[in-house]
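The values are calculated or read from the model by the stated rules, or taken from the named source; none is laboratory data. Keep in mind that this is a model prediction, so the values were computed, not measured. Note: ideal-geometry Cβ built from the backbone for every residue, glycine included; neighbour counts use all protein chains shown. What goes into the accessible areas is simple: the full protein's heavy atoms, side chains included, and nothing from ligands, DNA or RNA. Shrake-Rupley method; radii C 1.70, N 1.55, O 1.52, S 1.80 Å.
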Amino acid sequence: MTDDDSDLPGGPEDELPPPVPPEARPPSLIGRSVARLRGHRMDFTPLKVSADFRRLFVGQAISEFGTQITFVAVPFQVYFLTRSTAMVGLLALFEVIPLIVLPIVGGTIADALERRRMLMVAHALTAVLSIALAVNAFLPEPRLWILFAFSFLSASAYSLYSPALRAWPARLLTPDLYTSALALEVVYYQSAALTGPVLAGVLITVDVGYAYALDAVSYLAVIVALAGMRPSPPTADHLSVGWSAITEGLRFLRGKQVLQGTFWIDLNAMIFGLPVALYPAFVLDILHASPAVLGLFYSAEALGALLVALFSGRAKHVRRQGLVTIVACMCWGAGIVGFGFAGTLWLGLLFLMLASASDMVSGLYRDAILKTVTPDEMRGRLEGISLSVVGTGPSLGNAEAGFLASLTTVRTSIVSGGIACIIGAGVLAILLPRYRRYDASNPSR
């Protein structure tokens, strides 16, 4: 035996390695899955980094809740007073006309005026309109014309102030947070769309006037929030609110294929693939279900969009945003095709939820592209044009779906619309190569 016994059993080389601390061990499959899921959780960074955005978010969330209550109460009262569905349809027409015409004007106002003061005045005037509705509802004989005047004037006010509201977050946040900010806004909007009508139903059973009064009170939240924010003066010098400013905004779009793509993708999805007008016929004639389930179709849309917003944490890391909107548009069309073929209520609701989720993905990135590519002095006008597109597309889509269903069948109209939407997205991908190749990490390329 030698003095060197390192090769013998139990020598230094056979000593057990030190234990690996838990934090240094590689995560298990379940651990990796949980971590990946956590990474998709909603990104609250915009609320943390900007106090002004936080105030605007809270104020708008409360106000939107009241707006959704009135959205249900007004058509109910019109039908209660007239017992005419045609009058309810006419009410919708009063709301659509301002949304088509006035947002472009509102966009010019947003670029020319100090936004904080403008929005405070606009919300105060809208609150007065809701107070007028409440007073009218408590009269022994409510006036029908006041309901129609409210619908036109409130839609006009929204068309004029909404571009400023939509464009403002771009001044409060860095471009990498635009997608996260919109996802947060979607949460409060869709949450209000889900819960507001429920409370409206309760208030209506007591007196519809209380629904309008609560809406008027909800406007105080956004007015107080705006009062606590910093002023937001216009970027452009001496921009007048007139025809020249409007035409300047329209001319700015020339040759901007990336911006144009955000509008064309949305129009393609809404004109060909929107079957909302056919929901009643689908419930009664295809599913042979009770009219009581009709509301579930609208809720399925809201739920699909809400789920996307809640799990949008990684959305801000996506670079090929143009390509994602094209694929999402195709998925929307595929969801509508599946909905058209559905033979049961729950399958139809599932496909509608998936379609709505796809449309929400497209909307997140279209909004991010619009805010990133557009210079600040033009954002109001471009948001106005975008709002006009958003207001026009669904109306055209519902008209197309209803007309085609009257010539063929309800299933044929829905399924063919979804297929046309998929084909249209493919055609746009070919015709708009710069939009398809848009890279958020290098938006100027």
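Farthest toward the positive end of the dipole of the chain, out of GLY402, ILE326, LEU352, is the Cα of GLY402, where the dipole comes from beta carbon charges about the Cα centre. The modelled label-to-label distance between ALA289 and VAL202, using points 7 Å beyond Cα along the C-beta direction, is 2.5 nm.
Among residues other than LEU47 with Cβ under 13 Å from its Cβ, the summed charge is 0 (Lys and Arg +1, Asp and Glu -1). Remark: spin-label model distance THR82-ARG230 equals 4.9 nm, labels positioned 7 Å along the Cα→Cβ axis. For the stretch 149-201, the alpha carbon positions stretch 39, 26, 11 Å along the principal axes, listed from largest to smallest. For the stretch 194-342, the pair-distance distribution built from all alpha carbon pairs, in bins 10 Å wide starting at 0, is 8, 20, 25, 30, 15, 2, 0 percent.
A simple spin-label model places the labels of ARG143 and THR412 4.9 nm from each other, with each point 7 Å out along Cα-to-Cβ. Rolling a 1.4 Å probe over the heavy atoms of the protein chains gives the stretch 127-274 an accessible area of 44 Å² per residue.
Computed over protein heavy atoms with a 1.4 angstrom probe, the accessible surface ordering of HIS317, HIS288, HIS123, largest first, is HIS288, HIS317, HIS123. In this structure MET360 has an accessible area near 30 Å², from a 1.4 Å probe over the protein heavy atoms. Measuring with a 1.4 angstrom probe and ignoring ligands and nucleic acids, GLU141 comes out at about 130 Å² accessible. With kT/(6 pi eta Rh) evaluated at 20 °C and eta = 1.002 mPa s, and Rh the Kirkwood radius from Cα pairs, the stretch 361-445 diffuses with a coefficient of 140 µm²/s according to Stokes-Einstein. Relative to the globular-protein estimate of 2.2 N^0.38 Å, the Cα radius of gyration of the stretch 179-274 stands at 1.61.
At the residue level, ASP266 shows approximately 10 square angstrom of accessible surface with a 1.4 angstrom probe and all protein chains present. Scaled to the globular estimate 2.2 N^0.38 Å, the Cα spread of the stretch 95-185, given as radius of gyration, is 1.31. The trypsin sites (Lys or Arg not before Pro) of the stretch 82-180 meeting both criteria, a DSSP state outside H, G, I, E and B (loop) and at most 13 other C-beta atoms within 10 angstrom of the site's C-beta, are ARG83, ARG143. By the compact-protein rule of thumb, 2.2 N^0.38 Å, the alpha-carbon radius of gyration of the stretch 107-158 corresponds to a ratio of 1.39. For the chain, the Stokes-Einstein estimate of translational diffusion at 37 °C and a viscosity of 0.692 mPa s comes to 137 µm²/s, using the Kirkwood hydrodynamic radius over alpha-carbon pairs.
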